[in-house]
1. If I compute solvent accessible area with a 1.4 Å probe over the protein chains, what percent of it on the range 70-134 is carbon and sulfur?
2. Which of the chymotrypsin sites (Phe, Trp or Tyr not before Pro) across the range 160-249 are loop residues per DSSP, with 13 or fewer other Cβ within 10 Å?
3. If I fit a long axis through the Cα atoms of helix 64-78 and take the longest principal axis of the Cα atoms of the chain, what angle between them do I get, 0 to 90°, rounded to 10?
4. I need the peptides 10-23, 161-174 ranked by packing, meaning the mean over residues of other C-beta atoms within 10 angstrom, with the highest value on top.
5. Provide the gained length on full extension for the span Glu103 to Arg72, in nm with one decimal, where the gain is 0.36 nm per separating residue minus the Cα-Cα distance.
6. To test your reading of the geometry: what angle, between 0 and 90 degrees and rounded to tens, separates the Cα axis of helix 200-216 from the longest principal axis of the chain?
7. Given the Cα-Cα distance of Asn227 and Ala125 and 0.36 nm per residue of separation, how much length would full extension add, in nm?
8. Quick one: with all protein chains in place, what share of the accessible area of the range 203-252 is carbon or sulfur, to the nearest percent (1.4 Å probe)?
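The values are calculated or read from the model by the stated rules, or taken from the named source; none is laboratory data. Because the structure is a prediction, the values reported are computed rather than measured. Glycine also receives a Cβ, built like all others from the backbone with ideal geometry; neighbour counts cover every protein chain displayed. Just so you know, the surface numbers come from the protein's heavy atoms only, side chains and all, with ligands and any DNA or RNA stripped out. Shrake-Rupley method; radii C 1.70, N 1.55, O 1.52, S 1.80 Å.
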Amino acid sequence: MTAGSPRPLASAAEVAEAGEDDDLIVWAAQGMRPGVRAWALGDAVAVASPGASRRDRLVVRGSAACALPLVRYALAEAGPTYRPLGDAELVRAVSAGVEGLTEAVGFSWMVTRSAPPPQPAGGGAAGWLGPDADPEIATLLAGANPSSYAVPGIDRVSRWAGVRDASGALVAVAADAWSAPTVGLMAGVATAAPARGRGLAERVCRFVTRALVAEHGRAALMVDDSNDSAIRLYERLGYARRRVAANRVGAG
């Protein structure tokens, strides 16, 4: 391979080393499961991850000088369904410098490597739900978070946790979804409208976060920048906020 050409990264360890163990890059690599491809060019790394949180993601990091030619190369290799995702400033530079990309749309990636303390007893205990709860979860999401990427039955939405009220009704949920070996991802957080304001979302998110950190070493999530209450909740649980952005090829 000639100097200055992107080099392929064949293993999760290679991706982690090239990307300096960047949480977002390592998550996108998904342990280099079948279909994932990754490349490095100078200080830039790009990972093409199919179906990561229901999108074909092209996660990128590095300087704009190296990232722009690497994104052009990766999109040519992976195809136009892949959506560049990375730190907001970098993705805006990619939007401006790579022909055919839409304007970058911002949101936040949040991560923690420390498990929050367990929830005090009382007020409804969070726990893992069995497959028989899928219809209840779907109903709760339809009313409380209809735009959730995580829904029961979707590939790689691994399991759901929930809180039930005194009557046994499911009132809050969160999912372990699209987790990578060393970065667990929490998604699908929702609380039934009549049960809001009781700290139930915090209970279920605390439970899932503790499990993900214990099993993967770190937990992460994605959240809209406009969702101030959710961001405050996640910060209380120890998550650090990182402004990211994404775009795509064309207007479709």
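1. Reported share for carbon and sulfur atoms: 53 percent.
2. none
3. Compared with the principal axis, the helix lies near 80 degrees.
4. Most protected by this proxy first, the peptides run 161-174, 10-23.
5. Residue separation times 0.36 nm, minus the Cα-Cα distance, leaves 9.6 nm.
6. It is inclined by approximately 50 degrees.
7. Fully extending the segment from Asn227 to Ala125 adds 34.2 nm.
8. Within the range 203-252, the accessible surface is 45 percent carbon and sulfur.
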